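First the structure, in the form of C-alpha cells, and then the observations on it.
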Amino acid sequence: MTLPFAGSGFAVTRASGRKNEECKLESTSFAGGTVPAQVLATKGYSTTHIDGALFFLRIGSGLFLAVTFGWQKLFDYFLLVPSGKSLATSGLAPLIRSMGFPAPAVLAVYAVLNESFGAFLVACGLWTRLASSCAALSMAGAFFVSLRLGEEPLRAGLYLVMFSTLALTGPGKFSIDYLLDRRHRRLSSQFNPRGANRP
C-alpha cells in the first residue's frame, strides 16, 4: 500500500506481516529538490495532520510577519522614493551600518522584501523553500542585531526556527507549490508513461 507523504512526492509503503505495521519512507524527488530519508512511523500515521500542521505553520509565520511588520516597512520605503531621501541614510540602513555589515542599503531592502513579499509567499506556499531560506537568513541577522543591542531576541529567534523548519520540510500538500508540482508531474507523465504511477 502506497500513500502520499505531505504533498511532497514521498511514498509511504506499509510493511506487511508485522504487528506494529511499521511504515517506511522512501527517498524520492519532490517540488524543491530531492530529500533522502528513511523514517519509521507508527500505525496511526496521518499525512493529513502533517500537511495541516505545515499549513498553519506557514500562515502563522509568513502572514503574521507580513501583516505586523513587513507591509509597514515596505510602505515606509515607498514613501522614500518621492521624498528624494537616500536609502543609505534612511530606514534600516543606519542600524545595519552600525552593526558593521557591508552594503547596508542593499541589506535593508533585502530585509524589508523578505518580511513583506517573502513572508507572503511563504504563507501562500509559493516558492516556499527559497522564500523560507531567505527569510531565515534575514531573521538570523535580526537575531544577531537584537543580541548586540541588548534587546529581546525571542521574536527573531522564533521566526528563525519557523522559517528554517519550512525551508527543510517544504510547504506540504495545502500549498501552491504542491499544485504546481502535481501539474508538472501530470504533464510529464504524458510524455513519460512510466511516471504516471508516481504519487
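Where a number appears in this text, it was derived from the coordinates with a stated rule and is not lab data. Bear in mind that the values here come from a model prediction, so they are computed numbers and not experimental data. Positions of Cβ are generated from backbone atoms using ideal geometry, with glycine treated the same way; all protein chains shown enter the neighbour counts.
Points worth noting:
- Ranked K173, K73, K85, criterion: other C-beta atoms within 10 Å, fewest first: K85, K73, K173
- Under-5 Å amide H pairs with F101, H placed in peptide plane, nonlocal only: none
- Full-stretch length increase - T68, Q190 - with 0.36 nm per residue and alpha-carbon distance subtracted: 39.5 nm
- Whole-angstrom gap from the stretch 55-91 to the stretch 96-137, using each part's C-alpha centre: 10
- The dipole here belongs to the stretch 49-169: it is taken about the Cα centre, uses +1 on the Cβ of Lys and Arg and -1 on the Cβ of Asp and Glu, and is about 180 debye.
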